[in-house]
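So the structure is just underneath, and the comments pick up after that.
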Amino acid sequence: MTDDARPVWVLGGGGVAGIAWEVGILAGLADEGVTVTPEAVLIGTSSGAVVGAQIASGTPLAELFERQRGGVAHETSPALRLLDLLRLARAQLFARSPEQAARRLGRLALAARIDDPSRQRRIAEARLPDHAWRDDADLRIVAVDTGTGASRTFTRHDGVPLVDAVAASCAMPISAAPVAIGAHRYMDGGMRSTLNLDLAPGNGPVIALAPSTAAIGPWARIEKQRAALGTGRRVELLLRDQASRRAQGTGVMDRSVVPALVAAARDQGRREALRVAAALAGSTPGRETRG
């Protein structure tokens with residue numbers, strides 16, 4: 001298989017609930033024999049960066065599933081207040097590009113008073129079973145520069161600690177401190193897009209897990225990013241089904257929902273296995289599940 005034809009797994013953001021849902025989906029797929037193969041590219045944003053790093057570590061999915069089902073006491077569930085959400089939304093109004101929107105969000109991130117700036121890194125450490133990049137995994141983690149508004153995709157070749165890259169990708173403005181990497185400070189990769197589907201390289205099949213479909217601007221809409229990959233490319237998009245939405249409830253940072261959500265997502269993953277397997281094999285396109 002050439003590099004261009006490798007399968008790409010795009011793992012989107014969605015808070016603590018997003019981690020649980022994606023782990024459950026992948027566990028359910030694995031139950032049916034559909035797995036992330038060693039040659040695959042993994043692109044993770046925010047909670048997807050956590051799951052991508054977990055998968056790339058080589059930790060068995062059954063173990064990752066049990067970690068979620070047992071509860072995630074290391075998560076602090078910092079929910080944004082309504083006023084903070086309004087401030088984030090206002091910063092994005094009338095932005096003409098993802099970089100312009102991100103620069104505004106970056107100013108909010110840098111100005112926020114965070115009681116415990118090191119919390120983000122400690123949580124990233126607790127989330128990851130292995131704190132080192134693996135040489136045999138093509139893991140790519142998306143974060144956003146608070147100063148320039150440009151996105152950056154970290155890989156094992158950048159010399160950046162894996163924990164720092166994951167912490168940066170998960171650093172939601174106002175609720176978490178930006179992460180310093182070199183001379184720059186980075187925030188949540190979801191400030192470009194919750195999925196970043198258009199960053200999928202090559203021309204191989206793409207399996208995208210999207211626990212959230214929120215868009216900060218027209219450039220971040222999933223359908224627009226999907227179109228950017230071309231009409232001839234196989235893309236399978238998995239969204240939360242009704243049972244997963246019901247198990248999650250309304251809060252993406254509520255750690256109490258994780259055990260029920262990961263179980264519901266595993267059931268969904270089993271049901272999705274046939275169409276995901278068909279996509280990876282290059283068979284006739286199926287229909288995305290929107291729940």
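The values are calculated or read from the model by the stated rules, or taken from the named source; none is laboratory data. For clarity, every value in this text was computed on a predicted model and none was experimentally measured. Backbone-built Cβ (ideal geometry, glycine too); neighbour counts: all protein chains shown. Accessible surface areas use protein heavy atoms only, side chains included; no ligands, DNA or RNA. Shrake-Rupley method; radii C 1.70, N 1.55, O 1.52, S 1.80 Å.
Among the residues of the stretch 230-248, which ones are touching a residue at least 24 places away in the same chain (Cβ under 8 Å), open to solvent by less than 30 Å² (accessible area, probe 1.4 Å) and hydrophobic (A, V, I, L, M, F, W, C)?
V235, L237, L238, L239
I need the full set of residues from the stretch 104-133 which are among the charged types (D, E, K, R), buried (at least 18 other Cβ atoms within 10 Å of the Cβ) and either within 13 Å of A168 (Cα to Cα) or in contact with a Ser or Thr (Cβ under 7 Å, 6 or more places away or on another chain) (or both), in order please.
R121
Residues that are aliphatic (A, V, I, L, M), within 16 Å of the chain's Cα centre (by Cα) and modelled with pLDDT of 95 or more: does the stretch 231-238 have at least one?
Initial filter on the stretch 231-238 (aliphatic (A, V, I, L, M)): 235, 237-238.
Right, trim to within 16 Å of the chain's Cα centre (by Cα) and you get 237-238.
Add one more test, that the residue is modelled with pLDDT of 95 or more, and what stays is 237-238.
Yes, there is a match, as at least one residue in the stretch 231-238 is aliphatic (A, V, I, L, M), within 16 Å of the chain's Cα centre (by Cα) and modelled with pLDDT of 95 or more.
Give the residue, chosen from G33, G52, that is open to solvent by 20 Å² or more (accessible area, probe 1.4 Å), of a type outside the set (A, V, I, L, M) and either part of a helix (DSSP H, G or I) or over 30 Å from R107 (Cβ atoms) (or both).
Just one listed residue meets the conditions, G33.
Please give the number of the condition Y186 fails out of (1) farther than 14 Å from A124 by Cβ; (2) of a type in the set (F, W, Y); (3) buried (at least 21 other Cβ atoms within 10 Å of the Cβ).
The failed condition is (1).
Here is a list: I222, I174, I207. Which entry is open to solvent by 10 Å² or more (accessible area, probe 1.4 Å), among the β-branched types (V, I, T) and either out of contact with any strand residue (DSSP E or B) (no Cβ under 9 Å at 6 or more places or on another chain) or under 22 Å from R134 (Cα atoms) (or both)? I'd like the intermediate steps shown before the answer.
Values: I222 fails: either out of contact with any strand residue (DSSP E or B) (no Cβ under 9 Å at 6 or more places or on another chain) or under 22 Å from R134 (Cα atoms) (or both); I207 fails: open to solvent by 10 Å² or more (accessible area, probe 1.4 Å).
Exactly one residue qualifies, and that residue is I174.
Given the condition touching a residue at least 60 places away in the same chain (Cβ under 8 Å), within 28 Å of E223 (Cβ to Cβ) and in a helix (DSSP H, G or I), answer yes or no: does some residue in the stretch 138-156 qualify?
no
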